[in-house]
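Here the structure comes first, spelled out in structure tokens, and everything after it is commentary.
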Amino acid sequence: MSKLIFLDNGATSFPKPEEVYRYMDHFYRNFGVNPGRSGYDLCMEAGLVVEETRKLLTDFFNGTDPNRLCFGYNSTDALNLIIFGMLRPGDHAVSTTLEHNSVLRPLYHLSQEGVDVDLVPFDGRGFVDPGEIRKKFRPNTRLVIVNHASNVIGTVQPVAEIGRLCRAAGIPFAIDASQSAGKVPVDMEAQSLDVVAFTGHKSLLGPTGIGGLCVREGIDIRLTRAGGTGVRSAVPTHLEEYPYRLEYGTPNVMGIAGLKAGVTWLTGKGLEKVHAEEMRLAGILLEGLRAIPRIILYCLDSLENHIAVLAFNIDGLDAADVGTMLDVDFGIACRTGLHCAPRVHEQLGTDKIHGAVRFGIGPFNTEDDVRAAVAAVGKIASLPARKR
Ligand SMILES: Cc1ncc(COP(=O)(O)O)c(C=O)c1O
């Protein structure tokens, strides 16, 4: 088999920049101690990397206070802290049908305990109308939480407009930036964002197991966990101040170092430039897929306000079978199924046909990769339809 063509960058970016592997190796060999827990040099050095990365990401999201950039495992972890820490029984929350299960499931659990939830659907092009979100506001609405970029159909939501409406109504606005951070600007100031949840291993190009949230001053997230913080150990309760408030136990210091290297690589190259190249490849992929008979594309009339994530089916073939053929016969890795976003597939009608096939383009894909993917899909589409 020739080289693997990795088009599953929506799940995680792979490979990472060489700089990430090298820095993680260097960091862990030389400074892999528990940061900020003691005063010896190594510990201070490790702590410095954590604080530098806090600052790097705060600047990246145009936040104001690095102490309000809290590290956790991934965006699922951050989204749980946000949702369980901002809503109580009797509250109302507004979200969308574009959400990943990392938002839908916490909201569902809370709805069982007396939180009212409205999910606003997306339109035929894959966008949520800010006006429809506004219509759902109630006196007891305590949180609006929106997926910035869809992990299924790749559309980027108008978060600045939603943020403006939330700010005017005095309702906290959080975004799930799992797919958008590292692809399109996430700007807490310009987009009126109160809380940003991010994951390190996708387009921020870090390793798995690191993520977190950035919280604007004036927004408070209740404590929903408690544990060691490394400082003021005699205090019986978890510390209230940030970043300790939302950090529990030994941090993933190796992950933080890798994230630092990933974001440094990305900002060095220029986010806009990296994204523009991915979108150029997405354009070639889309044009090629459009020309294939029996192809069904989802919310892909245009690539405007999109990231390079494309979902499709071949009429008469099961998405999972197409994924297996792409893998086994063509060496192409992609993701099929419901993509942890069941309401998206419900709205597209693809929940009844086992979801869709998703290609996700990353910074290390090439024109050859996308042309090979088009050719492979073309060959698969020439196979007879299967009875469902
Ligand atoms: C839109 C979206 N939200 C949340 C997540 C969860 O990310 P993680 O598994 O890193 O917590 C993902 C991952 O696929 C995602 O695409």
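The values are calculated or read from the model by the stated rules, or taken from the named source; none is laboratory data. Remember, predicted model here, so these are calculated numbers, not experimental data. Neighbour counts are summed over all protein chains in view; Cβ atoms, including those assigned to glycine, are modelled from backbone coordinates with ideal geometry.
Observations on the model:
- Residues that are among the hydroxyl-bearing types (Ser, Thr, Tyr) and either within 15 Å of MET254 (Cβ to Cβ) or touching a Leu at 6+ places or on another chain (Cβ under 7 Å) (or both), drawn from segment 1-36: SER13, TYR21, TYR23, TYR28
- Total residues in segment 102-133, condition under 19 Å from LEU338 (Cβ atoms) and in contact (Cβ under 8 Å) with a residue 60 or more places away in the chain: 7
- Meets criteria (at pLDDT below 95, hydrophobic (A, V, I, L, M, F, W, C) and either surrounded by 17 or more Cβ atoms within 10 Å (Cβ to Cβ) or in a loop (DSSP other than H, G, I, E, B) (or both)) for ALA385: yes
- Filter pass, ALA190 being over 24 Å from CYS299 (Cβ atoms), touching a residue at least 60 places away in the same chain (Cβ under 8 Å), away from the ligand (no atom under 16 Å from the Cβ) and in a loop (DSSP other than H, G, I, E, B): yes
- Residues (within 25 Å of the chain's Cα centre (by Cα) and either within 16 Å of the ligand (Cβ to nearest atom) or among the β-branched types (Val, Ile, Thr) (or both)) located in segment 325-342: ILE332, ALA333, CYS334, ARG335, THR336, GLY337, LEU338, HIS339, CYS340, ALA341, PRO342
- Residue count for segment 230-240, restricted to those that are without any contact (Cβ under 8 Å) to a residue 24 or more places away in the chain, among the aliphatic types (A, V, I, L, M) and farther than 14 Å from CYS70 by Cα: 2
- Taking the listed residues GLY218, GLY227, GLY206, the one that is touching a residue at least 60 places away in the same chain (Cβ under 8 Å) and more than 12 Å from ILE175 (Cα to Cα) is GLY206, with no other qualifying.
- Segment 51-62, subset closer than 18 Å to ALA174 by Cα and either touching a Phe, Trp or Tyr at 6+ places or on another chain (Cβ under 8 Å) or in a loop (DSSP other than H, G, I, E, B) (or both), residue farthest from the ligand (Cβ to nearest atom): ASN62
- Any hit, segment 213-232, residues being within 11 Å of the ligand (Cβ to nearest atom) and of a type outside the set (D, E, K, R): no
- Matching helices (runs of 4 or more DSSP H) fully within segment 248-346 where at least 2 residues are farther than 30 Å from ASP77 by Cα and not β-branched (Val, Ile, Thr): 271-290, 319-330
- Selection from segment 272-290 of residues that are without any contact (Cβ under 8 Å) to a residue 60 or more places away in the chain and either in contact with a helix residue (DSSP H, G or I) (Cβ under 8 Å, 6 or more places away or on another chain) or under 27 Å from LYS3 (Cβ atoms) (or both): LYS273, ALA276, MET279, ARG280, GLY283, LEU286, GLU287, ARG290
- Filter result (closer than 23 Å to VAL231 by Cβ, modelled with pLDDT under 95 and not charged (D, E, K, R)) within segment 1-43: PHE31, GLY32, VAL33, ASN34, PRO35, GLY36, SER38, GLY39, TYR40, LEU42, CYS43
- Among the residues listed as GLU99, GLU45, the single one being over 23 Å from LEU165 (Cβ atoms) and either touching a residue at least 40 places away in the same chain (Cβ under 8 Å) or not aliphatic (A, V, I, L, M) (or both): GLU45
- Residue count for segment 121-150 under the criterion of being within 16 Å of the ligand (Cβ to nearest atom) and in contact with a Ser or Thr (Cβ under 7 Å, 6 or more places away or on another chain): the result is 9.
- If the condition is being within 13 Å of the ligand (Cβ to nearest atom) and of a type in the set (Gly, Ala, Ser), then segment 63-89 contributes GLY72, SER75, ALA78.
- Pick from segment 207-246, criterion under 28 Å from ASP187 (Cβ atoms), in contact with a Phe, Trp or Tyr (Cβ under 6 Å, 6 or more places away or on another chain) and in a loop (DSSP other than H, G, I, E, B), ranking: modelled with the highest pLDDT: GLY209
- Filtering segment 9-23 to residues that are under 30 Å from SER150 (Cβ atoms), in contact (Cβ under 8 Å) with a residue 12 or more places away in the chain and not in a loop (DSSP other than H, G, I, E, B) leaves GLU19, VAL20.
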